[in-house]
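The values are calculated or read from the model by the stated rules, or taken from the named source; none is laboratory data. Being a predicted model, the structure only gives us computed values, none of them experimental. Glycine gets a Cβ as well: all are built from the backbone with ideal geometry, and neighbour counts include every protein chain shown. Ligands, DNA and RNA are excluded from the accessible area calculation, which covers all protein heavy atoms including side chains. Shrake-Rupley method; radii C 1.70, N 1.55, O 1.52, S 1.80 Å.
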Amino acid sequence: MARAQKPKQSRRPQAKSLKQNNLRGFAKRQSLKSQRSSKYSESSDVYEYQPENVRRSKVKLQLEKDELDGARRDISGSEDEDDGPKRNGLRPRLVGENDDEGGLGSDEDEEIDSDEAFDESDEERFAGFNFSTKTKSVAKRKPQKRSLQSRTVPLIDLNEDEVELEEAPSENASASEGEDSAADDEEEGDPEDFIDVLDMIDGKGPAESADEGEHTQKEERPSASKARVEGDDVPHLEDEDEDMHDEEDEGISSDESEEDESHISPMDDAISASGDEDDDVGTSLHDLQSFITNLDAGQKRKAPDDEAAPTTETGEARRQKRRMLKERTEAGEENEFAPHRGATKLNLDDLLNPLASSSSNLLSLKKSAKILTSISAKNQTLSAPLPQRTQERLDREAAYQQTKEEVDKWSATMKKIKEAEHLSFPLQAQPAGRTSNLELAAKFKPTTELESAVDRLLKSAKMREEDIAQTESLKMNHLSVEEVSARRAELAKMRELMFRAEAKAKRVAKIKSKTYRRIKKKEKAKIAAKLGEGSDDEDMNEETRMKHEVERARERATLKHKNTGKWAKAMRARGDLDEDQRRDISEMLSRGEKLRRRIQGIGSGDESEEGEDDTEDDEEGAADRIKASAFEELAQLDKGSEGEEDSGRKGKSIFEMKFMKDAIARDQQRAKQMADDFVREMGESNHEDDEDDELTGGRIEESSGATIERVGGRVTYRPGAQLRTVNSLASDTSSITLRSNDLPSDVARSVTPSATSPIPEKLGIATEAPNPWLAPRQDPAKAVPKKHEIAVSKDSASVEKSKNKLRKKAQKHEEEQSKARNDAAVDISMSNVMTLGDNSSAGPSKPKTRSQSGNQRDDGDDDSDVHSEVEEQERLLDRKGKGKANGVKAFEQRDLVARAFAGDNVVRDFAEAKRREMQEDAPKEVDTTLPGWGSWGGTGTRKAQPKPHLIKKVAGVDPTTRADYKKAHVIISEKRDKKAAKYMVKDLPYPYTSKAQFERSMDIPIGTEWNTRVGFQRGTLPKIVTKPGTVINPLEKLL
Amino acid sequence: MVKISVLQHAPSTHLPARPGDPTPTSRNLDPLMHPFARARERTRALNAVKMERIFAKPFIAALEGHVDAVETMARKPGTLNVVASGSWDGGMIVHDISLRRHILRVDEAHKGKISGVCFADEDRLLTCGVDRNVKLWDTREVDENGAGPSDVRKPLNVFPGKSAFNSIDHHRTDPIFATASNIVQIWDETKSAPISNLSFPTSIETISAIKFNLSESSVLASIGSDRTFTLYDIRTGKAERRIVMQMRSNALSWSPTFPTTILLASEDHNLYTFDIRSLKTPSQIYKAHVAAVMSCDWSPTGHQFVSGGWDRTVRIWQEGRGTAPEVYHTKRMQRVTSTLFTSDAKYVLSGSDDGNIRIWKARAHEKLGILDSRERAAIEYRESLKQKWKTDAQVNKISRTRHIPKPVHKAGQLKRTMLEAQRVKEERRRKHTRAGESKPTAEKRKVVIAEQS
């Protein structure tokens, strides 16, 4: 609403301070009004009560003003644009509303009206207010206010409306005021302040309608105000005139003042209700009476407010008048054109009263009228329509927003579709449910002849589903409830059990584990056996018993030394044992212990007590002792066999069986034979050993010097050879220089030294390192004795073992001797080698460093990994040479090696090659000058500088930027690899954000060879899947 | 016992257990047995892309019958094979594209060209023409009047209009349809006069095409001769928003899966997709045609669309990918005036100036017919290999290369030259203005001149 423009809320704080000013201004206004009223024939307050009149009177002036204002407004533009159609649109409606001329005048245009009103009456009022009080202060506040106003227009609108509702009686006046203010807003406020205008128009509507309704209602008001005017405002007559002119110029200030006033008005509300009547000094007696009656109440109410502003009577009157304004709903001013000039307030009832006699349905009419009045009281008036174009545009905007919102409901769906990895169209397909058998059966209707025939038969036999159920139920009838329930429970239990068993069987059937199956089988067998035992222990047939016995015997024979056998375990599990069994177990354990010892080489089990003591003994008697021990062992063996026989007899175990006896006999025979052989051999070798005793004694003692290898299940003992760890072997294969000769001998040897018992390892270090260079050549003679090896099986007789051991020791001794000799021989020629080796620059340096690093082996480990391979070799060599007493010999050997490869300057060649490579790749400038072209030839000509444009620059790779820069052992080619280039991309392809991401995606193959079937299917599933022949409907809203 | 291994295979290991099952793949799980994965897959990708090119034979058939240019086509909703077409001579034919025969043929459906056809519900067909009439037809073999396929058909209903109609579209569910003449009119099938008129105020243009949104079925869009695109809503009964573009559009189509997306085929050789929630800029520009685009239609999946152009080519685009569409052409195909996707998204129809409707495969190299699972797996593997290796230069080149008619190629060259010249000029202009004064405008921002509400 236009009148509602005043930013009440924002102004509130200021309102109180302005109160006084307002009051004064108000007084002035009143006086002005009274003047005006005096001007016109009517005695009533012109402004307050006869707005039409005022307007009409102003018509001339107003037009002029309008012209002025129009000029001003034209600048603002947009407002004017809206004004035109508005005027046209409004006019007809208003014409209908207002009967008299005044009304018409007022209705001509709201804006114009407001302008007029402002120009003349209101502004003057405000002018009075301004001039009389504080123009300065007002001026100061001005800009602030304006901004506020422009901002808060809509809010205020509402408030103002309310205010006016309350002020109903002085409708017109207030309306005009409001209009004024609005007009002022228009004029002074921001020209773009478009809403103001609209609101103003809105505001106008109610005012007009109110006018219409209450034109007649409040007639006393004009008179009252008039009286007041007469009383107070006459003195201000001159002021008014001044103001009338000044106000035009200072419209702004007046505007403000008016706003202020408007703010105050709600404050005064409390007083207002009856306040208007207070001042009503109507022409009629009735008025007077009412006035008097109301006066008291009004004063009572006024009392609290009065102290705030000490006022003269005029001031008081003014305020009261303002209060009175609130109740005013009348649009028309009381004047000669006003339709109703009665003293009493004209109500709707007054209008209806005459109808009371005529119409019977007055009640209903009253009812409807009541609604009307109530509505009008609420001021629920329609807003004036906007210009059609604007209105339509707004509508379109709103409609578009609506559509947008509506459409935006799809956004989640669309997002989902967009982000989906796989889409199967149609998206909204109905899921095809599977039909169960029951469903089918229920639906089934016999259609064919056969079916119907069968059905008939079933029916006649009462065998159909429903018949069966029926018969069952019939049968159940004979049973008692308990019986039935018990039966059911039983059935349910059975079913449950069956189901469980089935499920378990299914699960078990799925198990693929072989061990599980084996265990299962055994269990089964055990159960079977138990069952068998339980049933017929007595008549267990011969065969099964035999089988059992064999089993036990086998275990005893093979696993006596362990307690992990089946039998042993069974024994252990049994818990309480009788004496016999305990003995058996202990025997078994002791045997195992013996065997273990023997394997470890501490001594044969039987003589372990003595052997341990002996080891530290003097070296002199060692051989003798060994022999003695050997013989002793033999003797014991004999004894043991006898003992065994005895024990076999005692326990009526398998040894009584025939086959066992046979076997034992055979064994014994063989053992004896062996023992004899051994004795014979020992007798021979005794002499040889004696000779070497002095030299070898110590060594024989501490080391058996044998490697034990297992070849095809047999343990092979062989005189000590060089030992290699697995990793050293690996490094050897990749090494370049020293390996070639090593390998054959390595290969000849077994590959798995680690498979042997710990002894060889321990001893291997002690043994002499192999001489890769010399070993194969120098020992051709020894190769034969070395090869002479005896296979000693695990369970072969201990005689043999001891024999073998002895022989090994002897061999070892011999070998070492020979080696020492060889080294000594090499030593002689060493000096030559050294000199020869110096010829090559790179070649000899390597062995030297090697030997050095060999001395400080531990340090070598820390070297850079570039040299790791070399280091590894060296370490290997060191290990080989460690056993040697003197490092000199090792040095010699290496030199020998170096000498052998004297011609191969591998390192130097490599360095050279690398240098060449770098040179080739390095950036260079090529002079492309053709001799004889572009220069003078012949004798005496000086050689010209090469032209710069003929120098072709080849951008190579700078040596320092090479990948192999400062890496002595590698050459990394900087050339572009054409084959690899196929797999390169220029730029990072679009969806990828990093190189690593892209590479990873390219690394993962998607084919079946590299993926499981499911993985393959997932990996190759296309993004959009459509089925041929399926209609894909557009998305639908599913409610 | 000695175990003897014999060369025999249990059928279960290499044959599917049941007829429908996939064949069990036997492979050695040792990764060492499958070295060079990258190289091998690249070669396979290369082969796949070559195979694609070898087997790219998109043309299936031509449906004859029209004696003049095919102006408009419409598929029957819910069917795969029924397509109606209208021609410049006023002839209307309903085709069965799978049998390649005419279901209905009306030679004088309208006087002058038939500017729009669309299916109403069931078997009824609406046509509009420049003779200011909208006609409702029964497309059944024997219609209500008892006229057989050989008889002269009479329309079930005629809706007279005041001016020549340019386009017609039926609401998806309700019995209402919209026509485009100088205004947009909404008709009820049961009423002879339009139930409402929609027009953007102050517009005095001719509406050239109109389409109902498929999912938000009350939303309506039209394009006009004033280079405009206008959005309506029949619920609010208003033209809600209008944009004015650089060049006028010739056809429009709503996306079936993205209800906010609309596709415009523009006179400036491009296609544009707009999101109707923000009409300021197009969401994507599709550039490849070398002449005005005359028609467009979305695939029912909403991930592809087809366009036919004045340059005598049909192009099939991937949604969101503004370049390098599949291009179809034949020697005898003239200006393509109408295009259509079938409702299974497998085929594309194009009606052209030469009066033929051509059926194409939507994917040129796709094998038609039933595939067994192994073949399908192989095809899928090939497709994903192609996808994976599309960054490879060689693969990309093979998959990209198309033979196109010389005139089209030349026109493309010329266009490129012109655009380049424009670009250079603009750049120079910018270079010679004060720094920062004129900034290059994004291509998308150039499209829409004004957005009106």
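Contact map, region A:1017-1029: residues that are within 7 Å of chain B (Cβ to nearest Cβ) paired with residues that are open to solvent by 90 Å² or more (accessible area, probe 1.4 Å) and not in a loop (DSSP other than H, G, I, E, B), Cβ distance under 9 Å, separation 6+ or inter-chain. Pairs shown: A:PRO1022/B:GLN387. If I filter region B:182-202 for residues that are touching a Ser or Thr at 6+ places or on another chain (Cβ under 8 Å) and within 20 Å of B:SER338 (Cα to Cα), do I get at least one hit? No: zero hits.
Let's see how each residue does on (1) away from every other protein chain (no Cβ under 14 Å); (2) more than 30 Å from B:ALA251 (Cβ to Cβ):
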site: B:ILE4; (1), (2): yes, yes
site: B:GLY20; (1), (2): yes, yes
site: B:MET33; (1), (2): no, yes
site: B:ALA39; (1), (2): no, yes
site: B:LYS50; (1), (2): yes, yes
site: B:GLY86; (1), (2): yes, no
site: B:ILE103; (1), (2): yes, no
site: B:ASP107; (1), (2): yes, no
site: B:HIS110; (1), (2): yes, no
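Among the conditions (1) open to solvent by 90 Å² or more (accessible area, probe 1.4 Å); (2) over 27 Å from A:GLU920 (Cα atoms); (3) away from chain B (no Cβ under 14 Å), A:TYR965 misses just one, which is (2).
What about A:ALA432, is it more than 14 Å from chain B (Cβ to nearest Cβ), within 30 Å of B:THR257 (Cβ to Cβ), hydrophobic (A, V, I, L, M, F, W, C) and open to solvent by 70 Å² or more (accessible area, probe 1.4 Å)? When the stated conditions are applied, A:ALA432 passes them.
Close contacts from region A:383-404, counting a first residue that is under 13 Å from B:PRO201 (Cβ atoms) and open to solvent by less than 70 Å² (accessible area, probe 1.4 Å) and a second that is of a type in the set (D, E, K, R) and part of a helix (DSSP H, G or I), with Cβ to Cβ under 9 Å and a gap of 6+ residues or different chains, come to A:PRO387/A:GLU81; A:PRO387/A:ASP82; A:PRO387/A:LYS86; A:THR390/A:ASP82.
Of everything in region A:409-423 that is under 22 Å from A:THR1026 (Cβ atoms) and either open to solvent by 70 Å² or more (accessible area, probe 1.4 Å) or assigned to a loop (DSSP other than H, G, I, E, B) (or both), the residue that is nearest to the other protein chains (Cβ to nearest Cβ) is A:TRP410. Taken as a whole, the condition of being within 13 Å of chain B (Cβ to nearest Cβ) and of a type in the set (D, E, K, R) does not apply to A:GLU449.
Note on region B:377-390: among residues that are surrounded by fewer than 20 Cβ atoms within 10 Å (Cβ to Cβ) and closer than 20 Å to B:HIS303 by Cβ, the one that is nearest to the other protein chains (Cβ to nearest Cβ) is B:GLU380. If you take the residues in region B:244-275 that are more than 14 Å from chain A (Cβ to nearest Cβ) and not in a strand (DSSP E or B), which one is farthest from the chain's Cα centre (by Cα)? Taking the candidates together, the pick is B:GLN246.
Filtering region B:223-239 to residues that are farther than 13 Å from B:ASP174 by Cα, open to solvent by 30 Å² or more (accessible area, probe 1.4 Å) and either more than 22 Å from the chain's Cα centre (by Cα) or within 13 Å of chain A (Cβ to nearest Cβ) (or both) leaves B:ASP226, B:THR236, B:GLY237, B:LYS238.
Table: residues versus (1) under 20 Å from B:VAL83 (Cβ atoms); (2) more than 14 Å from every other protein chain (Cβ to nearest Cβ); (3) of a type in the set (D, E, K, R).
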| position | (1), (2), (3) |
| --- | --- |
| B:ARG140 | yes, yes, yes |
| B:PHE159 | no, yes, no |
| B:THR179 | no, yes, no |
| B:THR190 | no, yes, no |
| B:ALA221 | no, no, no |
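Criterion applied to A:GLU1009, A:GLU1036 was being closer than 30 Å to B:GLU383 by Cα, charged (D, E, K, R) and within 11 Å of chain B (Cβ to nearest Cβ), and the one residue passing it is A:GLU1009.
Kindly check whether there is at least one residue in region B:172-189 that is under 22 Å from A:TRP410 (Cα atoms) and either open to solvent by less than 10 Å² (accessible area, probe 1.4 Å) or among the basic types (Lys, Arg) (or both). There is at least one residue in region B:172-189 that is under 22 Å from A:TRP410 (Cα atoms) and either open to solvent by less than 10 Å² (accessible area, probe 1.4 Å) or among the basic types (Lys, Arg) (or both). Do we find that A:ALA442 is farther than 30 Å from B:GLU451 by Cβ and outside any helix (DSSP H, G or I) in this structure? When the stated conditions are applied, A:ALA442 does not pass them. Residues in region B:199-222 that are part of a strand (DSSP E or B) and either more than 30 Å from A:THR413 (Cα to Cα) or of a type in the set (Asp, Glu) (or both): B:ILE207, B:SER208. Just checking, does region B:356-373 include any residue being buried (at least 18 other Cβ atoms within 10 Å of the Cβ) and more than 24 Å from B:VAL306 (Cβ to Cβ)? The answer is no, given that none of the residues of region B:356-373 is buried (at least 18 other Cβ atoms within 10 Å of the Cβ) and more than 24 Å from B:VAL306 (Cβ to Cβ). Selection of region A:389-408 for residues being within 9 Å of chain B (Cβ to nearest Cβ) and either basic (Lys, Arg) or over 46 Å from the mean Cα position of the chain (by Cα) (or both) yields A:ARG389, A:GLU392, A:ARG393, A:ARG396, A:LYS404. The residues of region B:231-260 that are of a type in the set (Val, Ile, Thr) and without any contact (Cβ under 8 Å) to a residue 40 or more places away in the chain, listed by number, are B:THR236, B:THR260. Test each condition in (1) under 27 Å from the mean Cα position of the chain (by Cα); (2) within 9 Å of another protein chain (Cβ to nearest Cβ) for B:ASP353 and report the one that comes out false. Against the list (1) under 27 Å from the mean Cα position of the chain (by Cα); (2) within 9 Å of another protein chain (Cβ to nearest Cβ), B:ASP353 comes up short only on (2).
Filter region B:302-316 for residues that are within 14 Å of another protein chain (Cβ to nearest Cβ) and part of a strand (DSSP E or B) and give the result. B:GLN304, B:PHE305, B:ILE316 - these are the residues of region B:302-316 that are within 14 Å of another protein chain (Cβ to nearest Cβ) and part of a strand (DSSP E or B).
In region A:920-944, the residues that are on the phi < 0 side of the Ramachandran plot reach residues that are part of a loop (DSSP other than H, G, I, E, B) and among the acidic types (Asp, Glu) with C-beta atoms within less than 8 angstrom, at least six apart or across chains, in these pairs: A:ASP921/A:GLU974; A:ALA922/A:ASP958; A:PRO923/A:ASP958. Among the residues of region B:315-329, those that are crowded, with 17+ Cβ neighbours inside 10 Å and in contact with a Pro (Cβ under 9 Å, 6 or more places away or on another chain) comprise B:ARG315, B:ILE316, B:TRP317, B:GLU326, B:TYR328, B:HIS329. Residue-level analysis places B:ASP143 outside the set of residues that are touching a Lys or Arg at 6+ places or on another chain (Cβ under 6 Å), modelled with pLDDT under 90 and either crowded, with 18+ Cβ neighbours inside 10 Å or not small (Gly, Ala, Ser) (or both).
B:GLY355 meets all of the listed conditions (1) within 19 Å of B:MET73 (Cα to Cα); (2) not in a loop (DSSP other than H, G, I, E, B) but one, namely (2). Among the residues of region B:326-343, is there at least one that is within 11 Å of chain A (Cβ to nearest Cβ), under 25 Å from B:GLY65 (Cβ atoms) and not hydrophobic (A, V, I, L, M, F, W, C)? Yes, the conditions are met somewhere in region B:326-343.
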